[in-house]
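The values are calculated or read from the model by the stated rules, or taken from the named source; none is laboratory data. The structure presented is a predicted model; accordingly, all values stated were derived computationally and were not measured. We place every Cβ from the backbone using ideal geometry, glycine too, and count neighbours over all the protein chains shown. Remember, those area values only see protein heavy atoms, side chains included, never the ligands or the DNA or RNA. Shrake-Rupley method; radii C 1.70, N 1.55, O 1.52, S 1.80 Å.
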Amino acid sequence: MEDIETQNIELQLLLQAIYLKYGYDFRNYAKASIKRRIQHRMLKEGINSLSAMQHKVLYDIAFFERLLLDMSINVTEMFRDPSFYLALRKVVIPELKKFSFLKIWHAGCSSGEEVYSMAIILKEEGLYERTQIYATDMNEVVLKQARDGIFNISKLKQYTANYQKSGGLESFSDYYSAHYDHVVMNKALKENILFSDHNLATDGVFGEMNLIMCRNVLIYFNRDLQNRALGLFFESLGHEGYLCLGSKESIRFSEYSHAFEDVVREEKIYTKKSAHEEISAYD
Amino acid sequence: MISINKRFEAVVIGSSAGGIKALTTVLSALPHNFPLPIIIVQHLHPQSDSYLAQILGAKTRLTVKQADEKETIVRGVVYLAPPNYHLLIEEDRSFSLSIEGHVNFARPSVDVLFESAVYAYRDKLIGIILTGANHDGNYGVKKIKQMGGYIIVQDPATAEANAMPLAAIAATTVDVILPLVQIGPYLLQLVNRSTKDSHLFK
Ligand SMILES: C[S@@+](CC[C@H](N)C(=O)[O-])C[C@H]1O[C@@H](n2cnc3c(N)ncnc32)[C@H](O)[C@@H]1O
(Lines give C-alpha, C1' and ligand atoms only; values in the text may rest on other atoms or scores of the structure.)
Protein backbone atom coordinates (compact mmCIF):
# COMPACT_ATOMS: atom_id res chain seq x y z
CA MET A 1 0.00 0.00 0.00
CA GLU A 2 1.09 3.55 -0.73
CA ASP A 3 2.33 5.44 2.31
CA ILE A 4 0.51 8.72 1.79
CA GLU A 5 2.05 10.54 4.77
CA THR A 6 5.59 9.86 3.61
CA GLN A 7 4.67 10.75 0.05
CA ASN A 8 3.39 14.09 1.23
CA ILE A 9 6.67 14.80 2.97
CA GLU A 10 8.51 13.92 -0.21
CA LEU A 11 6.20 16.15 -2.22
CA GLN A 12 6.83 19.08 0.08
CA LEU A 13 10.58 18.54 -0.17
CA LEU A 14 10.40 18.35 -3.96
CA LEU A 15 8.51 21.63 -4.21
CA GLN A 16 11.00 23.21 -1.82
CA ALA A 17 13.88 21.92 -3.96
CA ILE A 18 12.31 23.36 -7.12
CA TYR A 19 11.84 26.69 -5.42
CA LEU A 20 15.37 26.89 -4.04
CA LYS A 21 17.02 25.77 -7.24
CA TYR A 22 14.89 27.43 -9.92
CA GLY A 23 12.79 30.06 -8.15
CA TYR A 24 9.43 28.65 -9.29
CA ASP A 25 7.22 28.59 -6.24
CA PHE A 26 4.62 25.82 -6.35
CA ARG A 27 4.43 25.48 -2.59
CA ASN A 28 1.09 27.23 -2.37
CA TYR A 29 -0.60 25.47 -5.25
CA ALA A 30 -3.65 23.28 -4.69
CA LYS A 31 -2.08 19.92 -3.87
CA ALA A 32 -4.30 17.39 -5.63
CA SER A 33 -3.60 18.64 -9.11
CA ILE A 34 0.10 19.34 -8.62
CA LYS A 35 0.59 15.87 -7.15
CA ARG A 36 -1.23 14.35 -10.08
CA ARG A 37 0.93 16.18 -12.61
CA ILE A 38 4.15 15.24 -10.83
CA GLN A 39 3.17 11.59 -10.63
CA HIS A 40 2.29 11.72 -14.30
CA ARG A 41 5.85 12.85 -15.12
CA MET A 42 7.25 10.27 -12.69
CA LEU A 43 5.50 7.41 -14.48
CA LYS A 44 6.46 8.72 -17.90
CA GLU A 45 10.13 8.86 -17.01
CA GLY A 46 10.12 5.56 -15.15
CA ILE A 47 11.13 7.12 -11.85
CA ASN A 48 9.85 5.25 -8.82
CA SER A 49 9.75 7.77 -6.01
CA LEU A 50 9.34 11.47 -5.41
CA SER A 51 12.68 11.48 -3.62
CA ALA A 52 14.42 10.09 -6.69
CA MET A 53 12.64 12.75 -8.66
CA GLN A 54 13.98 15.43 -6.37
CA HIS A 55 17.52 14.33 -7.12
CA LYS A 56 16.86 14.39 -10.84
CA VAL A 57 15.20 17.80 -10.67
CA LEU A 58 18.22 19.25 -8.89
CA TYR A 59 20.81 17.91 -11.32
CA ASP A 60 19.05 17.67 -14.65
CA ILE A 61 17.75 20.98 -16.00
CA ALA A 62 16.23 19.44 -19.10
CA PHE A 63 14.22 17.15 -16.86
CA PHE A 64 13.06 20.07 -14.77
CA GLU A 65 11.88 21.85 -17.91
CA ARG A 66 9.76 18.89 -18.87
CA LEU A 67 8.34 18.75 -15.38
CA LEU A 68 7.62 22.48 -15.43
CA LEU A 69 5.53 22.05 -18.57
CA ASP A 70 3.53 19.33 -16.85
CA MET A 71 3.06 21.38 -13.73
CA SER A 72 1.94 24.56 -15.40
CA ILE A 73 -1.08 23.04 -17.23
CA ASN A 74 -1.25 25.20 -20.33
CA VAL A 75 -4.50 23.96 -21.80
CA THR A 76 -6.34 26.87 -23.39
CA GLU A 77 -8.66 27.86 -26.23
CA MET A 78 -9.69 30.83 -28.32
CA PHE A 79 -12.93 32.38 -27.07
CA ARG A 80 -13.16 29.78 -24.34
CA ASP A 81 -16.63 30.23 -22.76
CA PRO A 82 -18.24 32.25 -25.59
CA SER A 83 -20.87 33.63 -23.21
CA PHE A 84 -18.08 35.33 -21.26
CA TYR A 85 -16.74 37.06 -24.37
CA LEU A 86 -20.24 38.06 -25.36
CA ALA A 87 -20.72 39.72 -21.97
CA LEU A 88 -17.34 41.39 -22.30
CA ARG A 89 -18.38 42.83 -25.65
CA LYS A 90 -21.82 43.92 -24.53
CA VAL A 91 -21.10 45.25 -21.06
CA VAL A 92 -17.42 46.06 -20.59
CA ILE A 93 -16.32 47.26 -24.03
CA PRO A 94 -18.84 50.13 -24.19
CA GLU A 95 -17.45 51.42 -20.88
CA LEU A 96 -13.88 51.13 -22.09
CA LYS A 97 -14.73 53.29 -25.09
CA LYS A 98 -14.75 56.28 -22.72
CA PHE A 99 -10.99 56.10 -22.35
CA SER A 100 -8.54 57.57 -24.82
CA PHE A 101 -5.85 55.07 -23.91
CA LEU A 102 -6.26 51.56 -22.53
CA LYS A 103 -4.07 49.07 -20.74
CA ILE A 104 -5.07 45.42 -20.53
CA TRP A 105 -3.23 42.68 -18.68
CA HIS A 106 -3.67 38.97 -19.38
CA ALA A 107 -2.14 37.15 -16.41
CA GLY A 108 -1.48 33.46 -17.09
CA CYS A 109 -2.06 33.86 -20.83
CA SER A 110 -0.56 30.47 -21.72
CA SER A 111 0.07 30.07 -25.47
CA GLY A 112 -1.89 33.23 -26.25
CA GLU A 113 -5.25 32.03 -27.60
CA GLU A 114 -7.03 34.18 -25.03
CA VAL A 115 -4.96 37.23 -25.94
CA TYR A 116 -5.63 36.93 -29.67
CA SER A 117 -9.31 36.54 -28.85
CA MET A 118 -9.20 39.83 -26.99
CA ALA A 119 -7.24 41.50 -29.79
CA ILE A 120 -9.91 40.47 -32.29
CA ILE A 121 -12.68 41.94 -30.14
CA LEU A 122 -10.73 45.17 -29.68
CA LYS A 123 -10.19 45.44 -33.45
CA GLU A 124 -13.85 44.90 -34.18
CA GLU A 125 -14.89 47.41 -31.55
CA GLY A 126 -12.45 50.03 -32.79
CA LEU A 127 -10.37 50.02 -29.62
CA TYR A 128 -7.27 48.17 -30.67
CA GLU A 129 -5.25 51.15 -31.86
CA ARG A 130 -5.45 52.83 -28.47
CA THR A 131 -4.76 49.75 -26.38
CA GLN A 132 -1.57 48.32 -24.94
CA ILE A 133 -1.94 44.64 -24.06
CA TYR A 134 0.41 43.01 -21.59
CA ALA A 135 0.31 39.24 -21.82
CA THR A 136 2.20 37.37 -19.15
CA ASP A 137 2.83 33.83 -18.04
CA MET A 138 5.42 32.16 -15.85
CA ASN A 139 6.20 29.62 -18.52
CA GLU A 140 8.67 30.76 -21.20
CA VAL A 141 7.88 27.88 -23.51
CA VAL A 142 4.22 28.83 -23.92
CA LEU A 143 5.09 32.52 -24.08
CA LYS A 144 7.17 31.82 -27.14
CA GLN A 145 4.25 30.04 -28.77
CA ALA A 146 2.06 33.00 -27.87
CA ARG A 147 4.52 35.42 -29.48
CA ASP A 148 4.63 33.30 -32.64
CA GLY A 149 0.85 33.20 -32.83
CA ILE A 150 0.85 29.84 -34.57
CA PHE A 151 -1.90 27.41 -33.66
CA ASN A 152 -2.80 23.88 -34.60
CA ILE A 153 -5.36 23.78 -37.37
CA SER A 154 -7.27 20.90 -35.80
CA LYS A 155 -8.89 23.23 -33.29
CA LEU A 156 -9.96 25.90 -35.74
CA LYS A 157 -13.42 24.55 -36.29
CA GLN A 158 -14.17 24.83 -32.61
CA TYR A 159 -12.58 28.29 -32.37
CA THR A 160 -14.68 29.48 -35.27
CA ALA A 161 -17.83 28.24 -33.55
CA ASN A 162 -16.73 29.87 -30.30
CA TYR A 163 -16.01 33.14 -32.11
CA GLN A 164 -19.45 33.18 -33.68
CA LYS A 165 -21.19 32.43 -30.40
CA SER A 166 -19.21 35.16 -28.69
CA GLY A 167 -20.72 37.85 -30.90
CA GLY A 168 -18.02 37.97 -33.59
CA LEU A 169 -18.80 40.46 -36.34
CA GLU A 170 -16.59 39.30 -39.18
CA SER A 171 -15.54 36.09 -40.82
CA PHE A 172 -13.14 34.38 -38.41
CA SER A 173 -10.91 33.21 -41.26
CA ASP A 174 -9.97 36.83 -41.94
CA TYR A 175 -7.80 36.76 -38.83
CA TYR A 176 -5.34 34.08 -39.82
CA SER A 177 -3.68 32.44 -42.77
CA ALA A 178 -4.06 28.69 -42.99
CA HIS A 179 -1.16 26.38 -43.75
CA TYR A 180 -0.90 22.63 -43.96
CA ASP A 181 -1.45 21.77 -40.31
CA HIS A 182 -1.40 25.12 -38.59
CA VAL A 183 -2.66 28.67 -38.82
CA VAL A 184 -0.70 31.89 -38.38
CA MET A 185 -2.54 34.73 -36.71
CA ASN A 186 -2.40 38.06 -38.54
CA LYS A 187 0.57 40.21 -37.61
CA ALA A 188 -1.71 43.20 -37.14
CA LEU A 189 -3.26 41.47 -34.13
CA LYS A 190 -0.02 41.40 -32.20
CA GLU A 191 1.32 44.88 -32.88
CA ASN A 192 0.12 46.17 -29.53
CA ILE A 193 0.76 43.05 -27.48
CA LEU A 194 3.76 42.80 -25.22
CA PHE A 195 4.46 39.24 -24.14
CA SER A 196 6.54 38.82 -21.01
CA ASP A 197 7.50 36.60 -18.17
CA HIS A 198 5.67 37.22 -14.91
CA ASN A 199 5.01 34.90 -12.01
CA LEU A 200 1.95 35.58 -9.87
CA ALA A 201 3.52 33.74 -6.94
CA THR A 202 6.74 35.71 -6.80
CA ASP A 203 6.58 38.87 -8.95
CA GLY A 204 5.03 42.27 -8.31
CA VAL A 205 2.48 44.78 -9.45
CA PHE A 206 1.77 45.99 -13.02
CA GLY A 207 0.65 49.62 -13.17
CA GLU A 208 -2.73 51.22 -13.82
CA MET A 209 -4.63 48.65 -15.84
CA ASN A 210 -8.13 49.23 -17.16
CA LEU A 211 -8.82 45.53 -17.44
CA ILE A 212 -7.16 42.43 -16.06
CA MET A 213 -7.98 38.95 -17.34
CA CYS A 214 -6.84 36.04 -15.24
CA ARG A 215 -8.85 33.01 -16.24
CA ASN A 216 -8.35 29.45 -15.08
CA VAL A 217 -5.17 30.19 -13.20
CA LEU A 218 -6.49 30.78 -9.68
CA ILE A 219 -8.11 27.31 -9.64
CA TYR A 220 -4.59 25.92 -9.30
CA PHE A 221 -3.70 28.04 -6.26
CA ASN A 222 -4.50 27.54 -2.60
CA ARG A 223 -6.34 30.29 -0.75
CA ASP A 224 -3.20 32.11 0.35
CA LEU A 225 -1.80 32.29 -3.14
CA GLN A 226 -5.19 33.25 -4.55
CA ASN A 227 -5.22 36.15 -2.12
CA ARG A 228 -1.72 37.16 -3.16
CA ALA A 229 -2.68 37.20 -6.84
CA LEU A 230 -5.94 39.07 -6.17
CA GLY A 231 -3.94 41.60 -4.15
CA LEU A 232 -1.68 42.15 -7.16
CA PHE A 233 -4.70 42.64 -9.37
CA PHE A 234 -6.32 45.04 -6.94
CA GLU A 235 -3.20 47.17 -6.82
CA SER A 236 -2.58 46.97 -10.56
CA LEU A 237 -6.07 48.15 -11.50
CA GLY A 238 -6.75 51.80 -12.10
CA HIS A 239 -9.93 53.67 -11.27
CA GLU A 240 -13.00 51.70 -12.38
CA GLY A 241 -10.78 48.88 -13.58
CA TYR A 242 -12.28 45.51 -14.52
CA LEU A 243 -11.22 42.09 -13.36
CA CYS A 244 -12.28 38.98 -15.29
CA LEU A 245 -11.84 35.53 -13.78
CA GLY A 246 -12.60 32.07 -15.14
CA SER A 247 -16.19 30.77 -15.15
CA LYS A 248 -15.63 28.61 -12.10
CA GLU A 249 -13.51 31.07 -10.18
CA SER A 250 -14.86 33.56 -7.72
CA ILE A 251 -13.70 36.41 -5.61
CA ARG A 252 -16.45 35.74 -3.11
CA PHE A 253 -14.53 33.77 -0.51
CA SER A 254 -11.28 35.68 -0.81
CA GLU A 255 -9.87 38.54 1.26
CA TYR A 256 -10.79 40.85 -1.61
CA SER A 257 -14.47 40.01 -1.81
CA HIS A 258 -15.34 43.49 -0.53
CA ALA A 259 -12.86 45.33 -2.72
CA PHE A 260 -14.69 44.44 -5.92
CA GLU A 261 -18.27 44.43 -7.06
CA ASP A 262 -20.09 42.27 -9.58
CA VAL A 263 -20.52 43.58 -13.09
CA VAL A 264 -21.73 40.37 -14.72
CA ARG A 265 -22.05 37.90 -11.93
CA GLU A 266 -22.43 34.66 -13.90
CA GLU A 267 -19.43 35.51 -16.06
CA LYS A 268 -17.17 36.51 -13.16
CA ILE A 269 -16.65 40.04 -14.37
CA TYR A 270 -15.90 42.40 -11.50
CA THR A 271 -14.95 46.01 -11.06
CA LYS A 272 -12.77 47.58 -8.45
CA LYS A 273 -14.78 49.56 -5.95
CA SER A 274 -14.96 53.31 -6.09
CA ALA A 275 -12.23 55.84 -5.41
CA HIS A 276 -12.59 56.71 -1.73
CA GLU A 277 -12.65 53.06 -0.70
CA GLU A 278 -9.66 52.57 -2.90
CA ILE A 279 -7.71 55.28 -1.13
CA SER A 280 -8.36 53.80 2.28
CA ALA A 281 -7.14 50.47 0.98
CA TYR A 282 -3.87 52.05 -0.06
CA ASP A 283 -3.28 53.89 3.23
CA MET B 1 -22.05 -11.59 3.30
CA ILE B 2 -18.78 -10.15 4.48
CA SER B 3 -18.83 -8.25 7.73
CA ILE B 4 -17.63 -4.71 7.52
CA ASN B 5 -16.67 -2.98 10.70
CA LYS B 6 -15.26 0.25 9.44
CA ARG B 7 -16.87 3.52 8.86
CA PHE B 8 -17.01 5.00 5.37
CA GLU B 9 -16.66 8.72 4.85
CA ALA B 10 -17.49 9.34 1.22
CA VAL B 11 -19.01 7.85 -1.93
CA VAL B 12 -17.69 8.59 -5.41
CA ILE B 13 -19.64 7.63 -8.51
CA GLY B 14 -18.60 7.49 -12.16
CA SER B 15 -21.11 7.23 -14.99
CA SER B 16 -21.36 8.03 -18.66
CA ALA B 17 -23.78 7.02 -21.44
CA GLY B 18 -27.16 6.31 -19.84
CA GLY B 19 -25.85 7.72 -16.59
CA ILE B 20 -28.50 10.29 -15.86
CA LYS B 21 -31.19 7.66 -15.64
CA ALA B 22 -28.95 5.34 -13.66
CA LEU B 23 -27.96 8.08 -11.22
CA THR B 24 -31.62 8.96 -10.70
CA THR B 25 -32.38 5.35 -9.83
CA VAL B 26 -29.52 5.10 -7.35
CA LEU B 27 -29.98 8.46 -5.67
CA SER B 28 -33.74 8.26 -5.35
CA ALA B 29 -33.31 5.22 -3.11
CA LEU B 30 -31.44 7.26 -0.52
CA PRO B 31 -32.99 9.18 2.39
CA HIS B 32 -32.48 12.91 2.97
CA ASN B 33 -30.22 12.16 5.92
CA PHE B 34 -27.83 9.88 4.06
CA PRO B 35 -24.73 10.18 6.24
CA LEU B 36 -22.00 10.59 3.59
CA PRO B 37 -21.18 13.04 0.83
CA ILE B 38 -21.68 11.64 -2.68
CA ILE B 39 -19.40 12.99 -5.38
CA ILE B 40 -20.21 12.28 -9.00
CA VAL B 41 -18.54 12.48 -12.37
CA GLN B 42 -21.11 12.09 -15.13
CA HIS B 43 -19.70 12.59 -18.62
CA LEU B 44 -21.59 15.40 -20.33
CA HIS B 45 -21.34 17.48 -23.42
CA PRO B 46 -18.79 20.20 -22.57
CA GLN B 47 -21.19 23.00 -23.42
CA SER B 48 -24.09 21.51 -21.52
CA ASP B 49 -25.21 23.77 -18.74
CA SER B 50 -25.60 22.78 -15.17
CA TYR B 51 -29.10 21.36 -15.55
CA LEU B 52 -28.03 17.98 -14.26
CA ALA B 53 -28.13 19.25 -10.66
CA GLN B 54 -31.73 20.36 -11.20
CA ILE B 55 -32.76 17.12 -12.86
CA LEU B 56 -31.26 14.97 -10.11
CA GLY B 57 -32.30 17.35 -7.36
CA ALA B 58 -35.93 17.10 -8.39
CA LYS B 59 -35.85 13.32 -8.21
CA THR B 60 -34.06 12.75 -4.91
CA ARG B 61 -34.42 13.78 -1.30
CA LEU B 62 -30.81 14.87 -1.08
CA THR B 63 -29.37 18.29 -1.85
CA VAL B 64 -27.72 18.14 -5.27
CA LYS B 65 -25.32 20.82 -6.44
CA GLN B 66 -22.43 21.46 -8.74
CA ALA B 67 -19.13 21.33 -6.85
CA ASP B 68 -17.47 24.72 -6.42
CA GLU B 69 -13.79 25.36 -6.39
CA LYS B 70 -12.43 25.23 -2.76
CA GLU B 71 -15.84 24.28 -1.39
CA THR B 72 -15.68 22.20 1.79
CA ILE B 73 -17.33 18.82 1.35
CA VAL B 74 -20.33 18.25 3.60
CA ARG B 75 -22.13 14.99 4.25
CA GLY B 76 -25.60 14.41 2.94
CA VAL B 77 -24.89 16.49 -0.13
CA VAL B 78 -24.56 15.20 -3.70
CA TYR B 79 -21.88 17.05 -5.66
CA LEU B 80 -21.52 17.00 -9.43
CA ALA B 81 -18.41 17.77 -11.44
CA PRO B 82 -18.99 20.85 -13.61
CA PRO B 83 -19.02 20.12 -17.35
CA ASN B 84 -15.65 20.63 -19.04
CA TYR B 85 -13.61 20.64 -15.80
CA HIS B 86 -11.88 17.86 -13.93
CA LEU B 87 -13.02 17.60 -10.33
CA LEU B 88 -10.45 16.70 -7.68
CA ILE B 89 -10.65 16.27 -3.92
CA GLU B 90 -7.98 17.77 -1.69
CA GLU B 91 -6.75 15.99 1.41
CA ASP B 92 -8.48 18.64 3.52
CA ARG B 93 -11.70 17.47 1.87
CA SER B 94 -12.42 20.43 -0.27
CA PHE B 95 -12.76 20.55 -4.06
CA SER B 96 -10.31 21.63 -6.72
CA LEU B 97 -11.02 22.06 -10.41
CA SER B 98 -8.68 21.72 -13.36
CA ILE B 99 -8.84 22.26 -17.10
CA GLU B 100 -5.99 19.83 -17.69
CA GLY B 101 -6.56 18.04 -21.00
CA HIS B 102 -8.97 15.16 -21.40
CA VAL B 103 -8.19 11.96 -19.54
CA ASN B 104 -9.65 8.83 -21.18
CA PHE B 105 -11.19 11.25 -23.70
CA ALA B 106 -13.17 12.77 -20.87
CA ARG B 107 -13.28 15.98 -18.88
CA PRO B 108 -14.40 15.57 -16.17
CA SER B 109 -12.76 12.17 -15.87
CA VAL B 110 -13.80 9.49 -13.40
CA ASP B 111 -10.18 8.41 -12.93
CA VAL B 112 -9.08 11.91 -11.94
CA LEU B 113 -11.84 12.16 -9.33
CA PHE B 114 -11.34 8.65 -7.96
CA GLU B 115 -7.57 8.92 -7.68
CA SER B 116 -7.67 12.18 -5.77
CA ALA B 117 -10.50 10.83 -3.59
CA VAL B 118 -8.25 7.93 -2.61
CA TYR B 119 -5.65 10.32 -1.22
CA ALA B 120 -8.32 12.22 0.69
CA TYR B 121 -10.38 9.32 2.06
CA ARG B 122 -8.02 6.33 1.84
CA ASP B 123 -9.82 3.14 2.93
CA LYS B 124 -12.93 5.05 3.95
CA LEU B 125 -14.11 5.41 0.39
CA ILE B 126 -16.84 3.69 -1.58
CA GLY B 127 -16.49 3.84 -5.36
CA ILE B 128 -19.38 3.05 -7.70
CA ILE B 129 -19.19 2.52 -11.44
CA LEU B 130 -22.40 2.74 -13.43
CA THR B 131 -23.30 2.52 -17.11
CA GLY B 132 -20.93 3.94 -19.73
CA ALA B 133 -19.52 3.30 -23.18
CA ASN B 134 -15.84 3.85 -22.37
CA HIS B 135 -13.16 2.72 -19.94
CA ASP B 136 -12.91 5.75 -17.73
CA GLY B 137 -12.73 4.76 -14.07
CA ASN B 138 -10.88 1.49 -14.44
CA TYR B 139 -7.65 2.98 -13.07
CA GLY B 140 -9.57 4.71 -10.29
CA VAL B 141 -11.27 1.57 -9.04
CA LYS B 142 -7.91 -0.17 -8.91
CA LYS B 143 -6.50 2.65 -6.77
CA ILE B 144 -9.49 2.52 -4.44
CA LYS B 145 -9.07 -1.22 -3.97
CA GLN B 146 -5.33 -0.91 -3.42
CA MET B 147 -5.96 1.49 -0.58
CA GLY B 148 -8.59 -0.74 1.00
CA GLY B 149 -11.76 0.99 -0.15
CA TYR B 150 -14.96 -0.62 -1.39
CA ILE B 151 -16.17 -0.97 -4.98
CA ILE B 152 -19.69 -1.47 -6.27
CA VAL B 153 -20.24 -1.99 -9.99
CA GLN B 154 -23.51 -1.98 -11.88
CA ASP B 155 -24.27 -5.40 -13.35
CA PRO B 156 -23.28 -4.94 -17.01
CA ALA B 157 -26.43 -6.82 -18.03
CA THR B 158 -28.54 -4.03 -16.54
CA ALA B 159 -26.43 -1.20 -17.98
CA GLU B 160 -27.49 0.87 -20.96
CA ALA B 161 -23.82 0.76 -22.02
CA ASN B 162 -21.79 -2.04 -20.51
CA ALA B 163 -18.19 -1.07 -21.40
CA MET B 164 -17.51 0.96 -18.29
CA PRO B 165 -18.80 -1.63 -15.80
CA LEU B 166 -16.98 -4.39 -17.70
CA ALA B 167 -13.72 -2.44 -17.66
CA ALA B 168 -14.02 -1.85 -13.92
CA ILE B 169 -14.70 -5.51 -13.26
CA ALA B 170 -11.71 -6.50 -15.36
CA ALA B 171 -9.46 -3.99 -13.62
CA THR B 172 -9.71 -5.25 -10.06
CA THR B 173 -11.52 -7.55 -7.66
CA VAL B 174 -14.65 -5.53 -7.10
CA ASP B 175 -16.59 -6.06 -3.89
CA VAL B 176 -20.01 -6.45 -5.38
CA ILE B 177 -21.76 -6.41 -8.76
CA LEU B 178 -25.42 -5.44 -8.54
CA PRO B 179 -28.39 -4.82 -10.79
CA LEU B 180 -29.04 -1.10 -11.04
CA VAL B 181 -32.16 -1.07 -8.84
CA GLN B 182 -30.33 -2.74 -5.98
CA ILE B 183 -27.39 -0.34 -5.80
CA GLY B 184 -29.13 2.41 -3.81
CA PRO B 185 -30.66 0.10 -1.16
CA TYR B 186 -27.38 -1.82 -0.88
CA LEU B 187 -25.37 1.36 -0.44
CA LEU B 188 -27.71 2.54 2.28
CA GLN B 189 -27.44 -0.74 4.11
CA LEU B 190 -23.66 -0.84 3.73
CA VAL B 191 -23.26 2.63 5.12
CA ASN B 192 -25.77 2.25 7.95
CA ARG B 193 -24.31 -1.05 9.03
CA SER B 194 -20.80 0.25 9.09
CA THR B 195 -21.90 3.31 11.03
CA LYS B 196 -23.63 1.16 13.61
CA ASP B 197 -20.71 -1.20 13.85
CA SER B 198 -18.26 1.59 14.41
CA HIS B 199 -20.43 2.77 17.30
CA LEU B 200 -20.34 -0.71 18.78
CA PHE B 201 -16.59 -0.78 18.58
CA LYS B 202 -16.11 2.49 20.40
C1 LIG C 1 -4.99 26.53 -17.69
S2 LIG C 1 -3.98 27.81 -18.32
C3 LIG C 1 -5.17 29.10 -18.59
C4 LIG C 1 -4.93 29.84 -19.86
C5 LIG C 1 -5.96 30.88 -20.23
N6 LIG C 1 -5.96 31.99 -19.29
C7 LIG C 1 -7.34 30.26 -20.36
O8 LIG C 1 -8.19 30.50 -19.50
O9 LIG C 1 -7.58 29.55 -21.30
C10 LIG C 1 -3.11 28.32 -16.86
C11 LIG C 1 -1.86 29.16 -17.16
O12 LIG C 1 -1.43 29.78 -15.96
C13 LIG C 1 -0.04 29.79 -15.93
N14 LIG C 1 0.39 29.92 -14.54
C15 LIG C 1 0.31 28.99 -13.56
N16 LIG C 1 0.85 29.47 -12.42
C17 LIG C 1 1.27 30.73 -12.69
C18 LIG C 1 1.92 31.74 -11.94
N19 LIG C 1 2.27 31.53 -10.67
N20 LIG C 1 2.22 32.91 -12.54
C21 LIG C 1 1.89 33.14 -13.83
N22 LIG C 1 1.29 32.22 -14.61
C23 LIG C 1 0.98 31.02 -14.04
C24 LIG C 1 0.36 28.48 -16.57
O25 LIG C 1 1.69 28.52 -17.06
C26 LIG C 1 -0.69 28.33 -17.66
O27 LIG C 1 -0.24 28.84 -18.88
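Only a single criterion out of (1) buried (at least 18 other Cβ atoms within 10 Å of the Cβ); (2) over 19 Å from the mean Cα position of the chain (by Cα); (3) among the hydrophobic types (A, V, I, L, M, F, W, C) is not satisfied by A:PHE84, namely (2). Of all residues in the stretch A:46-72, exactly one satisfies the criterion of being in contact with a Phe, Trp or Tyr (Cβ under 8 Å, 6 or more places away or on another chain) and open to solvent by 50 Å² or more (accessible area, probe 1.4 Å), namely A:LYS56.
Within the option set A:LEU194, A:LEU218, A:LEU189, being within 14 Å of the ligand (Cβ to nearest atom) and either crowded, with 19+ Cβ neighbours inside 10 Å or within 15 Å of A:HIS106 (Cα to Cα) (or both) holds for one residue only, A:LEU218. Does A:PHE172 satisfy the criteria of being surrounded by 17 or more Cβ atoms within 10 Å (Cβ to Cβ) and away from the ligand (no atom under 13 Å from the Cβ)? Criteria met by A:PHE172.
Selection of the stretch A:185-219 for residues being more than 14 Å from chain B (Cβ to nearest Cβ) and among the charged types (D, E, K, R) yields A:LYS187, A:LYS190, A:GLU191, A:ASP197, A:ASP203, A:GLU208.
Remark: pairs (first residue in the stretch A:1-16, under 17 Å from B:SER116 (Cβ atoms); second residue among the aliphatic types (A, V, I, L, M); Cβ separation under 6 Å; 6+ apart in sequence or on different chains) = A:LEU11/A:LEU50. Report yes if A:LEU200 is surrounded by 15 or more Cβ atoms within 10 Å (Cβ to Cβ), in the same structural domain as A:LEU237 (by TED's automatic domain parsing) and among the aliphatic types (A, V, I, L, M), otherwise no. Judged against the criteria, A:LEU200 is a match.
Of the numbered criteria (1) open to solvent by less than 20 Å² (accessible area, probe 1.4 Å); (2) within 26 Å of B:LEU30 (Cα to Cα); (3) within 10 Å of chain A (Cβ to nearest Cβ); (4) outside any strand (DSSP E or B), the one B:GLU100 fails is (2). Looking only at residues in the stretch A:223-257 that are basic (Lys, Arg) and touching a residue at least 12 places away in the same chain (Cβ under 8 Å), which one is farthest from the other protein chains (Cβ to nearest Cβ)? Checked the stretch A:223-257; the qualifying residue farthest from the other protein chains (Cβ to nearest Cβ) is A:ARG228. For the stretch A:221-240, a tally of residues being within 13 Å of the ligand (Cβ to nearest atom) and not in a helix (DSSP H, G or I) returns 2.
Taking the stretch B:35-74 as the range and being open to solvent by 30 Å² or more (accessible area, probe 1.4 Å) and among the β-branched types (Val, Ile, Thr) as the test, the residues that pass are B:ILE55, B:THR63, B:THR72, B:VAL74. A:VAL141 meets each of the listed conditions (1) open to solvent by 10 Å² or more (accessible area, probe 1.4 Å); (2) within 12 Å of the ligand (Cβ to nearest atom); (3) in contact with a Phe, Trp or Tyr (Cβ under 8 Å, 6 or more places away or on another chain) apart from (3).
Every listed requirement among (1) within 25 Å of B:SER98 (Cα to Cα); (2) at pLDDT 95 or above; (3) outside any strand (DSSP E or B) is met by A:LEU243 save one, (3).
Selection of the stretch B:38-89 for residues being of a type in the set (Lys, Arg) and within 14 Å of chain A (Cβ to nearest Cβ) yields B:LYS65, B:LYS70.
Residue-wise test of (1) modelled with pLDDT of 95 or more; (2) more than 16 Å from the ligand (Cβ to nearest atom); (3) out of contact with any Leu (no Cβ under 7 Å at 6 or more places or on another chain).
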| residue | (1), (2), (3) |
| --- | --- |
| A:VAL115 | yes, no, yes |
| A:ALA119 | yes, no, no |
| A:GLY126 | yes, yes, yes |
| A:THR131 | yes, yes, no |
| A:THR136 | yes, no, yes |
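Of all residues in the stretch A:95-112, those that are free of Cβ contacts under 8 Å to residues at least 60 places away in the same chain have Cβ atoms under 6 Å from Cβ atoms of residues that are open to solvent by less than 10 Å² (accessible area, probe 1.4 Å), 6 or more apart or on another chain, in A:SER110/A:VAL142; A:SER111/A:VAL142; A:SER111/A:ALA146. A:VAL183 meets the conditions (1) within 16 Å of the ligand (Cβ to nearest atom); (2) open to solvent by less than 20 Å² (accessible area, probe 1.4 Å); (3) β-branched (Val, Ile, Thr) in every case but one. The failed one is (1).
For residues in the stretch B:112-134 being away from every other protein chain (no Cβ under 12 Å) and open to solvent by less than 10 Å² (accessible area, probe 1.4 Å), which is farthest from A:ILE34 (Cα to Cα)?
Among those residues, the one meeting the criterion is B:THR131.
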